[in-house]
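What follows is a set of notes on a single structure, which appears directly below.
The values are calculated or read from the model by the stated rules, or taken from the named source; none is laboratory data. In this text, all values refer to a predicted model and were calculated from it rather than measured experimentally. Note: ideal-geometry Cβ built from the backbone for every residue, glycine included; neighbour counts use all protein chains shown. SASA here: full protein model, heavy atoms, side chains in, ligands and nucleic acids out. Shrake-Rupley method; radii C 1.70, N 1.55, O 1.52, S 1.80 Å.
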Amino acid sequence: MKLKGGEQESSVSSKGAKGKMTFSLALVALISAFGSSFQYGYNVSVINSPAPYMQDFYNQTYLDRTGAPMNSGFQTLLWSLTVSMFPLGGFFGSLLVWPMVNNCGRKGTLLINNLFSISAAILMGTSELAKTFEAIILSRFIMGIYAGLASNVVPMFLGEMSPRNLRGAIGIVPQLFITVGILAAQILGLNRILGNAEGWPVLLGLTGIPSLIQLLTLPFFPESPRYLLLQKGNEEQARQALQRLRGWDDVDDEIEEIFQEGQSEKEEGQFSVLSLCTFRGLRWQLISIIVMMMGQQLSGVNGVFYYADRIFESAGVDSNSIQYVTVSIGAINVVMTLLAVFIVESLGRRILLLAGFVMCCASCAVLTLALNLQTTVSWMSYLSIGCVIVYIIGHAVGPSPVPSVMITEMFLQSSRPAAFMVGGSVHWLSNFTVGLVFLYMEAGLGPYSFLIFCAICLATALYIFFIVPETKNKTFMEINRIMAKRNKVEVQENKEELKDFCAVPGRLADRTMSSSSQL
């Protein structure tokens, strides 16, 4: 494989892409993740605790309207819609990623997205007052659209503005806030707080507050420098954004690296989903994100959480205390994801993915055995608890946070929006499928359902071991060259095109032109 201009690229990557965690970078990561990712996690679990009270409200509203109580079949249908509208909306939200991030920018998409969340929060918060359960079901779909956009755009936004030596850690921050959102919903959903007949509308309506905070604060922070330079062609704004994010004025090396990324993909233009799926040069990247996203959702995480309550109950935990045990599991999830933030740059992405999927695989296998034997062997119920905890630890350090980081890193600027759209769609469709199919699996197979999850974890781990490269501390161009070898294509940087592309006023243009004249 040839890479013309390779010496120049490597000299740039050695100087320009490393950086420190500045106050501006930390603040934009926190505001983006709290304002968007937090609500994804919050709305995943917010309806679990108040479910009986919400179902009573559905029944009472129907009774007031018709004079007859709701039959159980119709109530089950309405509640199923309430639960499933969220992942279905997430799928449609993922389909909006490509057009919105290309036309409105990364930051602009996040700001517009807040309107979905705030409108849904108002509808949910006032649903009891308006005596309409339809508003809750509609709001869950709207919140799904919001989460579908947020779960893809936040990792893309933060990944594009992070220096390469912090890209993994900052890329996991959105997943950290998803787990914090789940934990917050579990705590606020306790019976003594808001998980009761009077408090559930407030519990649902609180989701609008983080969006309001983001809407008021994010405009004061810069847009993605890569978007500004490569897609808007505005070097001055990109330079100012980088200077603010990096905390120093000399960002020429990083601007030069971004130029080279744009040059290497200039001929292809912006990828649509169709062109991404048919382009040979990105074949293994595309297969890899589909496998990782399917593995993440089909590995049984929803099944483990579904079984958790009855596992703890069989171990002798008092039924009134189970909600506190659920909160403790949520806390373990947060702590282990926080750990992943600190170790992803030292251990690398591959190690965390492999370790996580292997732990989940082993946990599912042992859990199948323990659930089958717990009626005959008394201590097996405690082994089941151990399996649940090990599974959650494994999923939190690798399969949950790392795939979205890998999407950012394995694709260049022109193909990244389409890649996130594909990855996000696979994520939400897999999530929806598990929610739809698991109850039937559980009814038909019982504990043996976890053997299917075990096989999926093993298959995903094997794929990652043989195919997915390590990407830590590499520039996007370096990762692109690694994947080009696997795709059996050449990455070329044409001398004349590089001159044209970099022919902009200023010091950078002079440096780039002199470098390209030596090729």
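List of remarks:
- All conditions but one from (1) in the same structural domain as P163 (by the TED database); (2) part of a helix (DSSP H, G or I) apply to L194; the one that does not is (2).
- Residue that is open to solvent by 50 Å² or more (accessible area, probe 1.4 Å) and either of a type in the set (D, E) or touching a Cys at 6+ places or on another chain (Cβ under 6 Å) (or both), where the choices are L445, L458: L458
- One residue alone among G295, G356, G303, G316 is in contact with a Ser or Thr (Cβ under 9 Å, 6 or more places away or on another chain) and either open to solvent by 60 Å² or more (accessible area, probe 1.4 Å) or not in a helix (DSSP H, G or I) (or both), and that residue is G316.
- Exactly one residue out of S49, S24, S32, S13 is crowded, with 20+ Cβ neighbours inside 10 Å and either of a type in the set (A, V, I, L, M) or modelled with pLDDT of 90 or more (or both): that is S32.
- Residue tally, condition open to solvent by 10 Å² or more (accessible area, probe 1.4 Å), of a type in the set (S, T, Y) and either assigned to a helix (DSSP H, G or I) or not assigned by the TED database to the domain that holds E345 (or both), over region 382-401: 1
- Only one of the numbered conditions (1) assigned by the TED database to the domain that holds L123; (2) surrounded by fewer than 16 Cβ atoms within 10 Å (Cβ to Cβ); (3) under 26 Å from the mean Cα position of the chain (by Cα) is not met by P210, and that is (2).
- Between A443, A484, A418, the distinction of being in the same structural domain as R283 (by the TED database) and modelled with pLDDT under 85 belongs to A443 only.
- Any hit, region 334-351, residues being of a type in the set (A, V, I, L, M), closer than 22 Å to L188 by Cα and open to solvent by less than 40 Å² (accessible area, probe 1.4 Å): yes
- Take the conditions (1) without any contact (Cβ under 8 Å) to a residue 40 or more places away in the chain; (2) of a type outside the set (A, V, I, L, M); (3) open to solvent by 10 Å² or more (accessible area, probe 1.4 Å); S404 misses just one of them, which is (1).
- Cβ-Cβ under 8 Å pairs, at least 6 apart or on other chains, region 182-194 side without any contact (Cβ under 8 Å) to a residue 12 or more places away in the chain, far side assigned to a loop (DSSP other than H, G, I, E, B): I193/G199
- Taken over region 281-328, the criterion of being closer than 30 Å to A418 by Cβ, modelled with pLDDT under 90 and polar (S, T, N, Q) is satisfied by N302 alone.
- Screening T460, T408 for residues that are modelled with pLDDT of 90 or more and in contact with a Ser or Thr (Cβ under 8 Å, 6 or more places away or on another chain) leaves exactly one candidate, T460.
- Residue that is modelled with the lowest pLDDT, among those in region 54-79 that are open to solvent by less than 60 Å² (accessible area, probe 1.4 Å) and in contact with a Leu (Cβ under 9 Å, 6 or more places away or on another chain): M70
- Unique residue being in contact with a Ser or Thr (Cβ under 9 Å, 6 or more places away or on another chain) and buried (at least 24 other Cβ atoms within 10 Å of the Cβ) when the list is G93, G89, G105: G93
- Pairs where the first residue, in region 32-48, is among the basic types (K, R) and the second is surrounded by fewer than 24 Cβ atoms within 10 Å (Cβ to Cβ), C-beta under 9 Å, 6+ apart: none
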